Amino acid sequence: MSCNLTRVTFHCQRKMEKQPLPTEDDMTGTTESEVNGHAGEEGEQASEPPGRVGWNSKIEYFLAQVGFSVGLGNVWRFPYLCHQNGGGAFLLLYVLLMLVVGIPLLFLELAAGQAIRQGSIGVWKYISPRLAGIGYSSCVVCFFVALYYNVILAWSLFYLGNSFQQSLPWSQCPEQGNVTVKECEKSSPTSYFWYRKALDITDSISDTGSFNPYITCCLLVAWTIVCLGMFKGIKTSVKVMYFSSIFPYLVLFCFLVRGLLLDGAVDGISYMFYPKLEIWGDVQVWRQAATQVFFALGLGFGSIIAYSSYNPRNNNCHRDAFTVSAINFLTSVLATLVVFAVLGFRAKGKVVECVVSNMRELSEQIHNGHVDVNRMPSFDYSAPSSVHLEDYRAWFKQHGNNITGNLTDCDLEKEMQKGVEGTGLAFIAFTEAMSLLPGSPFWSALFFLMLLNLGLSTMFGTMEGILAPLTDRFKTLANNKTKFTIFSCIIGFLIGLLFTQRCGSYFVTMFDDYSATLPLIIVVVFETFSVSWLYGADRFLDDIEAMLGWRPSIIYKYLWKYISLLAMLGLLGATGIRMFITRPTYMAWNQEKATEEHLPYPGWALAVMALLIIFAMMPVPVALIHAVLQERTKRTSRDAETGQYSIVSTDDKCETPMTELDQRNRTSASFT
């Protein structure tokens, strides 16, 4: 591209859809009309303000980025995946995918936000007006996630409030008269409290039921906290993050120290880290690992772009990408150690009870003469509490199937697999383990306060992914940001009432599984393709070099163009195939049987899922069509402008888009 072109050059750049990233002077010294011209659209658009708010310190920025990326999934999703998919082998696979997919894409979003200094809508619109839909799709997905994510905070608030009792309400089954409630007796005190007291859940998603007043009040409190933390932008949210981002680590370390002192903790950790290398040949394990990397870093939400847009242009975003990823991974490992140390203690207690119960059954069978002499155990079965688990399991494997009665294999690993994912981990398995600890109310309050803070820091990032792009894009919203923030929280609460019905937790599961996964993967595919192919990976690296003062490794060019992009396309294909081949199901609670069971979603629920995905992706083609039509309607006026010439430079050397803009600015200044 020759640098001595006139305005025609600028219009050619627009036609090629490769807008140069702005320099520091561009973002602080240009007028509103010039910025609108760069964006390629004349409409109601908020130009980048000369004094864009920024972080007071690098610590604030790290607290925000780490607080957003480290969320509830690190505590209740990663440990489950690690245990189910090969332990140590899954960790190695996770690190590999983090290096070749996660960190390069995180670096891409950090660099784009920091260079252009706008939210997700402004970033992709600046690169090309036809790509503005990517930012809008990110906003829609963030809105969907915020709706159900805050419901989880409401559940945490409910449990936190119930923790301040001398005897935890989920530590034992309630009685009606002198009879234990059958639903609790058939299941467990923690399961009964979760499904009946907290959720008062229906048997299926089709049975709506009334609103749950306790959860509705807790949801109102949760949205109020988010609103108070966000109504002045990052200046107020970062003050909350000083506590909400640091406090969970203190709690995790406290639980780790306490957990390692419990009987069975070492067994739990050893089961978790036991390597199963054969899982590397399972495609589904790769899909789950890639999905966890993707969501753990928060790619595609627009929150990373929004937070990095408040950084100074010379900030080392390359180092930030590695630092945030490392902290995220180490947090997941720390949470996994805590979870399986405590669950190991819980499982050990369960299997000890199992052995004692079986020994009593065996003693009765022997007393009645129903056991052959050759199958008699070598250990002292008359003292059940003294029988070691290993001795019993060795005898059971050899003779257990030949003994009449209800003897069972007391398997520690199977016991640990019960309810170790998602809400089952936090509100059933972990609460049961904490109820067995001395001073259980203290540990319970600490745990749910930790969940609340983990969720709050993620909610702040999610809301920033909505508010920052829209206020950057529209002047009216930018001039009334506080009102817009409050209005958004009110709308979020009103729509969130859907999740406070008795069937509300089923909708939480639906939104968690289907409203974000596929749309976000598609968003990141578009992001990667637009930067590496439409704008050009080399040009993007040139811009980063001009911004940071040094050039990142050329390996990023090939990661963005091929490896990361193909990996995301593979993940998209695997997720889509799995979604359409296997009929979606959800975990429901059967009140009569007092057990969980998988039920298929009804037809209307499948339609809702499809609409969620369509609504999330609709902005991409709509913005593309709008940009194309707008270009055609303005073609006549653009052709008229090509006759207006002004010399920009006499030097044909034009190394990067950055230098081209700098030369144009210097020439304009000289004419002035």
Of all residues in the stretch 327-375 being among the small types (Gly, Ala, Ser) and open to solvent by less than 40 Å² (accessible area, probe 1.4 Å), the one that is nearest to LYS414 (Cα to Cα): ALA347
Within the stretch 402-441, restricting to residues that are among the charged types (D, E, K, R), under 26 Å from the mean Cα position of the chain (by Cα) and modelled with pLDDT under 80, the one that is surrounded by the most Cβ atoms within 10 Å (Cβ to Cβ) is GLU421
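Looking at ILE555, ILE577, ILE625 in this structure, which one is under 23 Å from ASP512 (Cβ atoms) and surrounded by fewer than 17 Cβ atoms within 10 Å (Cβ to Cβ)? Don't jump to the end; show me each part of the working.
Values: ILE555 fails: under 23 Å from ASP512 (Cβ atoms); ILE625 fails: under 23 Å from ASP512 (Cβ atoms).
Unique residue meeting the criteria: ILE577.
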With the checklist (1) over 26 Å from PHE460 (Cα atoms); (2) open to solvent by 10 Å² or more (accessible area, probe 1.4 Å); (3) within 19 Å of the chain's Cα centre (by Cα) in hand, flag the one item TYR249 doesn't pass. (1)
If you scan the stretch 289-312, which residues turn out to be part of a helix (DSSP H, G or I) and open to solvent by less than 10 Å² (accessible area, probe 1.4 Å)? ALA289, VAL293, PHE294, ALA296, LEU297, SER303, ILE304, ILE305, ALA306, TYR307, SER308
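Regarding the stretch 234-246, can at least one residue be identified that is part of a loop (DSSP other than H, G, I, E, B), in contact with a Lys or Arg (Cβ under 8 Å, 6 or more places away or on another chain) and hydrophobic (A, V, I, L, M, F, W, C)?
We begin by selecting, within the stretch 234-246, every residue part of a loop (DSSP other than H, G, I, E, B); these are 245-246.
Restricting the remaining residues to those that are in contact with a Lys or Arg (Cβ under 8 Å, 6 or more places away or on another chain) gives none.
No: the stretch 234-246 contains no residue that is part of a loop (DSSP other than H, G, I, E, B), in contact with a Lys or Arg (Cβ under 8 Å, 6 or more places away or on another chain) and hydrophobic (A, V, I, L, M, F, W, C).
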Mind checking which pairs have a first residue in the stretch 259-278 that is under 12 Å from VAL338 (Cα atoms) and a second that is open to solvent by 20 Å² or more (accessible area, probe 1.4 Å) and of a type in the set (Phe, Trp, Tyr), Cβ under 8 Å, 6 or more apart or different chains? GLY259/PHE345; LEU262/PHE345; ALA265/PHE345; GLY268/PHE345
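Could you pull out the residue among TRP194, TRP170 that is closer than 19 Å to TYR586 by Cα, in contact with a helix residue (DSSP H, G or I) (Cβ under 6 Å, 6 or more places away or on another chain) and of a type outside the set (Ser, Thr, Tyr)?
Working: TRP170 fails: closer than 19 Å to TYR586 by Cα.
Result: TRP194 is the single residue among TRP194, TRP170 that is closer than 19 Å to TYR586 by Cα, in contact with a helix residue (DSSP H, G or I) (Cβ under 6 Å, 6 or more places away or on another chain) and of a type outside the set (Ser, Thr, Tyr).
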Please work out if VAL66 is in contact with a helix residue (DSSP H, G or I) (Cβ under 8 Å, 6 or more places away or on another chain) and modelled with pLDDT of 90 or more. yes
Select from the stretch 176-191 the residues that are open to solvent by 10 Å² or more (accessible area, probe 1.4 Å) and in a helix (DSSP H, G or I) and list them in ascending order. LYS182, GLU183, GLU185, LYS186, PRO189, SER191
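Grab the helices (runs of 4 or more DSSP H) fully contained in the stretch 454-542, keeping just those with 2 or more residues being under 25 Å from CYS217 (Cβ atoms). Please lay out each step first, then the result.
Values: elements: 475-479, 481-496, 504-514, 517-529.
Those helices (runs of 4 or more DSSP H) span 481-496, 504-514.
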Name the pairs: first residue in the stretch 456-478 and at pLDDT 90 or above, second residue basic (Lys, Arg), Cβ to Cβ under 6 Å, at least 6 apart or on different chains? THR471/LYS481
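Step by step: first the residues of the stretch 546-557, then only those that are in a helix (DSSP H, G or I) and free of Cβ contacts under 8 Å to residues at least 60 places away in the same chain, then the one that is farthest from LEU99 (Cα to Cα). Which residue is that? Spell out how you get there, then give the answer.
Initially, the stretch 546-557 is screened for residues in a helix (DSSP H, G or I), giving 546-548, 555-557.
After this cut, where a residue has to be free of Cβ contacts under 8 Å to residues at least 60 places away in the same chain as well, the list is 555, 557.
Numbers: ILE555: 12, LYS557: 14 Å.
The selected residue is LYS557.
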Would you confirm whether any residue within the stretch 589-602 is open to solvent by less than 50 Å² (accessible area, probe 1.4 Å), in a helix (DSSP H, G or I) and not charged (D, E, K, R)? no
Extreme residue, nearest to GLY603 (Cα to Cα), among residues of the stretch 192-224 that are β-branched (Val, Ile, Thr) and buried (at least 19 other Cβ atoms within 10 Å of the Cβ): ILE205
Looking only at residues that are open to solvent by less than 10 Å² (accessible area, probe 1.4 Å) and over 21 Å from the mean Cα position of the chain (by Cα) in the stretch 472-521, which one is farthest from SER308 (Cα to Cα)? CYS503
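Being surrounded by 21 or more Cβ atoms within 10 Å (Cβ to Cβ) and at pLDDT 90 or above is the requirement here; does CYS142 meet it? Before you say what the answer is, go through the steps one by one.
On the way: surrounded by 21 or more Cβ atoms within 10 Å (Cβ to Cβ): yes; at pLDDT 90 or above: yes.
Judged against the criteria, CYS142 is a match.
Give the residues of the stretch 522-546 that are open to solvent by 10 Å² or more (accessible area, probe 1.4 Å) and over 17 Å from the mean Cα position of the chain (by Cα), sorted by residue number. Working first, answer last.
Just the residues of the stretch 522-546 that are open to solvent by 10 Å² or more (accessible area, probe 1.4 Å), to begin with: 522, 525-526, 529, 533-534, 536, 538-539, 542, 545-546.
Scanning the stretch 522-546 gives VAL525, PHE526, PHE529, TRP533, LEU534, GLY536, ASP538, ARG539, ASP542, GLU545, ALA546.
In this structure, does SER163 turn out to be open to solvent by 10 Å² or more (accessible area, probe 1.4 Å), farther than 30 Å from LEU467 by Cβ and in contact (Cβ under 8 Å) with a residue 24 or more places away in the chain? Write out each step before concluding.
Details: open to solvent by 10 Å² or more (accessible area, probe 1.4 Å): no; farther than 30 Å from LEU467 by Cβ: yes; in contact (Cβ under 8 Å) with a residue 24 or more places away in the chain: yes.
So SER163 fails the test.
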So which residues in the stretch 227-253 are farther than 18 Å from GLU60 by Cα and β-branched (Val, Ile, Thr), if there are any at all? VAL251
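The values are calculated or read from the model by the stated rules, or taken from the named source; none is laboratory data. This is a predicted model, so every value here is computed, not measured. Cβ: placed from backbone, ideal geometry, glycine included. Neighbour counts: every protein chain shown. Note: accessible area is taken over every heavy atom of the protein model, side chains too, but ligands, DNA and RNA are not part of it. Shrake-Rupley method; radii C 1.70, N 1.55, O 1.52, S 1.80 Å.
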